[in-house]
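Notes to accompany the following structure.
Each value in this text was obtained by applying a stated rule to the coordinates, not by laboratory testing. As the structure is a prediction and not an experimental result, all values here were calculated from the model. Neighbour counts are summed over all protein chains in view; Cβ atoms, including those assigned to glycine, are modelled from backbone coordinates with ideal geometry.
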Amino acid sequence: MSARPAPTYLLGIDTSCDDTGVGIVERAPDGSVRVLANRVWSQTVHAQYGGVMPELASREHVERIDAVLEGALAEAGLTVRDLGAVAATSGPGLVGALLVGLMYGKGLAQALGVPFYAAHHLEGHIFAAASEADLRPPYLALVVSGGHTHLFDVPQDGEYVLVGATRDDAAGEAFDKIARLAGLGYPGGPAISEAARRGDPDAVPFKAPLQGQKGFDFSFSGLKTAALLAHRAGARPEDLAAGFERAAVRFLVGTTLRAAQACGRATVVVSGGVAANRALREAFAQSGVQAVFPGSGLNTDNGAMIALAAAAALGAGRPPSPLSEGAVAYAPLANA
Ligand code: KG4
Ligand code: ZN
């Protein structure tokens, strides 16, 4: 009698910015995946500086990563000996911060004698949605976070064609900056969303950005300027929030739908921190395309998404990464 093939437990580490993330994913022999644990330590040390201090981020990752790993293993009910593969983000991100997770992951993989996968941060964001649906190309992927606003066409496994990107700020960055301007707190996304419920979206005029463009780029500088001028003129913070959120959501959804039509895609993956936005989710739900979002806790930076990307790489038969793989600050995902 032959034993049933065992699942593989994959560990994922992300230390690309100011979150120390460790997640564990179970990959069944039929390729289906399940998130067993997802632990994130969000660094608060940066709040006093109004932005992420790279050197402090690296040091905090070093101090926290052991405890975050312990927490993830306990949550999954596993020990390190159960792990079948280890993955870590190699880029893009802050090099010093990336190095902590990357070196930790390589060391762990080597000590355990299991394969190591270096993962691309944006591929991680995209595969975060694999926890909710069986992600099979072709599809369009909108990655909207504090650092990225990228639209990729994914015609087949591992192939990413950049069809649009922001020309200035990332979407999340615009949420953060406008929240700060209006005194709504940090992080700005959830703060804007919360305030918007009490505001009048018609009180402050926000013109749709890049009207008439043939391509699929994004821009948030015009919305930011409109918010600044309205703030100076005495607009209420909740009205600013409501007007900006509606304009940003319409712009993101409208551009993505045009791209989906142009590329002939019926499925759109929406991921990254801003994908947690309720108004954005509702607008996509009513848009007619099949919109796939990551599950709870998987929108913002985390380790489980890196394990999910590695599970997909494993499934596609991609070879593990050499231990010589280094950290890279700037790493475009598109390969066409
Ligand atoms: O993916 P993420 O954790 O970090 C990067 O890789 O950048 O995204 C963080 C961003 C922040 O800018 C935050 O304000 C935004 O995601 N965000 C949101 C919401 N929750 C987080 N933006 C809009 N609505 C939300 N509910
Ligand atoms: Zn991210």
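Provide the net charge surrounding Met53, with neighbours chosen by a C-beta distance below 15 Å and charges set as Lys +1, Arg +1, Asp -1, Glu -1. Present the calculation step by step, with values, prior to reporting the outcome.
On the way: positive: Arg59; negative: Asp18, Asp19, Glu55, Glu60, Glu63.
Cβ neighbours under 15 Å give a net charge of -4.
From the gyration tensor of the Cα coordinates in the range 290-336, what semi-axes in whole Å does the equivalent ellipsoid have, largest first, with each one equal to sqrt(5λ)?
Working: eigenvalues 98, 45, 36 Å².
Calculated on Cα positions only, the semi-axes equal 22, 15, 13 Å.
The H on the amide N of Glu132, modeled in the peptide plane, is under 5 Å from the matching H of Gly295, each at least 5 residues off or on a different chain.
Within straight-line reach of Lys224, meaning a Cα separation under 30 Å, sit the following lysines at least 8 residues removed in sequence or on another chain: Lys177, Lys207, Lys214. Once you reduce the range 150-172 and the range 292-330 to the center of their Cα atoms, the two points are 17 Å from each other.
Computed 3J(HN,Hα) for the range 218-229, one whole-Hz value per residue from the Karplus formula 6.51 cos²θ - 1.76 cosθ + 1.60 where θ = phi - 60°, is 10, 7, 10, 5, x, 5, 5, 5, 4, 5, 5, 5, glycine and proline marked x. Shape analysis of the range 137-292 based on the Cα gyration tensor places the equivalent ellipsoid semi-axes at 28, 14, 13 Å, largest first. Once divided by 2.2 N^0.38 Å, the Cα radius of gyration of the chain becomes 1.00.
The convex hull around the C-alpha trace of the range 1-146, projected and averaged over every direction, spans 10.1 square nanometres. What the phi angles of the range 258-267 give under the Karplus curve with 6.51, -1.76 and 1.60, with θ = phi - 60°, is a coupling list of 4, 5, 4, 5, 5, 8, x, 9, 9, 10 Hz, glycine and proline written as x.
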